[in-house]
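Readers should treat all values here as calculations from the given coordinates under stated rules, not as data from a laboratory. All figures in this text were calculated on a predicted structure; none of them were measured in a lab. So basically every Cβ, Gly included, is an ideal-geometry build from the backbone, and we count neighbours across all protein chains shown.
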Amino acid sequence: MKRVIQNILIVSVFFFGFCPAVKSQGGFQRWLQEKPKGLYNNTSFAIVSERGNLFSGMQTSFGYKFNPHLGLGGGIGIERFSNLPTYSYYEANFTLLPVFAELRYTVLKTRFSPVIAVQGGYKILVNTPSSQMDEWMTWIYPPYAWNYYYNYDIYHRGGPFVTIEIGVNAKVYKRFGIYASVDYSLWSVSGDNHYWVYQATSFDPGQTTAIVNEYITNVFAYQHIFLFRLGFTF
């Protein structure tokens, strides 16, 4: 009996000592609703791009909120873009793995709040895309000599990137919210331009010979795209 009374006293002291502390900070419910500081997560899916790419990827970021407004973190994602212009009129299909740090600012402490985020990092090129091939012919000495030309790009490396994101967070239940945003991303890719020249001759009927030369130069291209994202936060 004595042990039971001691346990009741200990629980009572803990309870009545803890509750005022929680109350003085606004209570547990306030912490659930406003999340003044602590860990956060933002996961979003790229629904559509300005170029018409549908469901082109997703990303998730984790970080720490220093107060109800300012958070600092980092994340990773996966992206797949089809027929993305590189430079001039060349296009290629890119699969990218962005790794980034981010600064996230929630403007208001209300159920609906604008959010501004800046991300910076590196987009790793997962595939080795090739652009479309240009080919043409010119006569050198018709009908005995002519040249065939082939020109295309192959990309091997991604590059640094920066993204500016503007969105709205709507709290649905306690710390869980639905998130929608529009972001603009700028990055670079690099690789090689391949330029082939076939110098063909046919002085004997039915017999054609050719001298083949390949010229390789480095290419560097900036990429940029607007994305509409939809996801969740907690």
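What's the whole-number percent of alpha carbon pairs in the chain lying beyond 24 angstrom?
Percentage above 24 Å: 61.
Note down the magnitude of the dipole of the chain about its Cα centre, charges +1 on Lys and Arg C-beta and -1 on Asp and Glu C-beta and zero elsewhere, to the nearest 20 debye.
Details: 18 positive and 13 negative charges, 550 e Å.
So the magnitude is around 2640 debye.
Angle, helix 2-24 long axis vs. longest principal axis of the chain, Cα atoms, 0 to 90°, nearest 10?
Approximately 60 degrees, to the nearest 10.
Calculated from DSSP H runs of 4 or more alone, at -39500 (n - 2.57) each and per residue, what is the 222 nm mean residue ellipticity of the chain, nearest 500?
For the chain, the value works out to -4500 deg cm²/dmol.
Picking from TYR89, TYR122, GLY177, whose Cα lies most toward the positive end of the charge dipole for the chain (charges on Cβ: Lys, Arg +1; Asp, Glu -1)?
Value computed over the given set: GLY177.
Looking at the chain, how many pairs of lysines come closer than 30 Å at the Cα, when each pair is eight or more places apart or spans two chains?
The number of close lysine pairs in the chain is 21.
Stretch ILE116-VAL212 to full length: gain in nm at 0.36 nm per residue minus the Cα-Cα span?
This chain segment gains 29.1 nm when fully extended.
In what order do THR163, THR138 fall by count of nearby beta-carbon atoms within 10 Å, going from fewest to most? Numbers along the way, then the final one.
On the way: THR163 21, THR138 8.
The order, fewest Cβ neighbours first, is THR138, THR163.
Taking the beta-carbon count within 10 Å as an exposure proxy, list ARG51, ARG111 from fewest neighbours to most. If you can, show how the numbers build up before the last one.
Numbers: ARG51 15, ARG111 11.
So the residues, fewest neighbours to most, are ARG111, ARG51.
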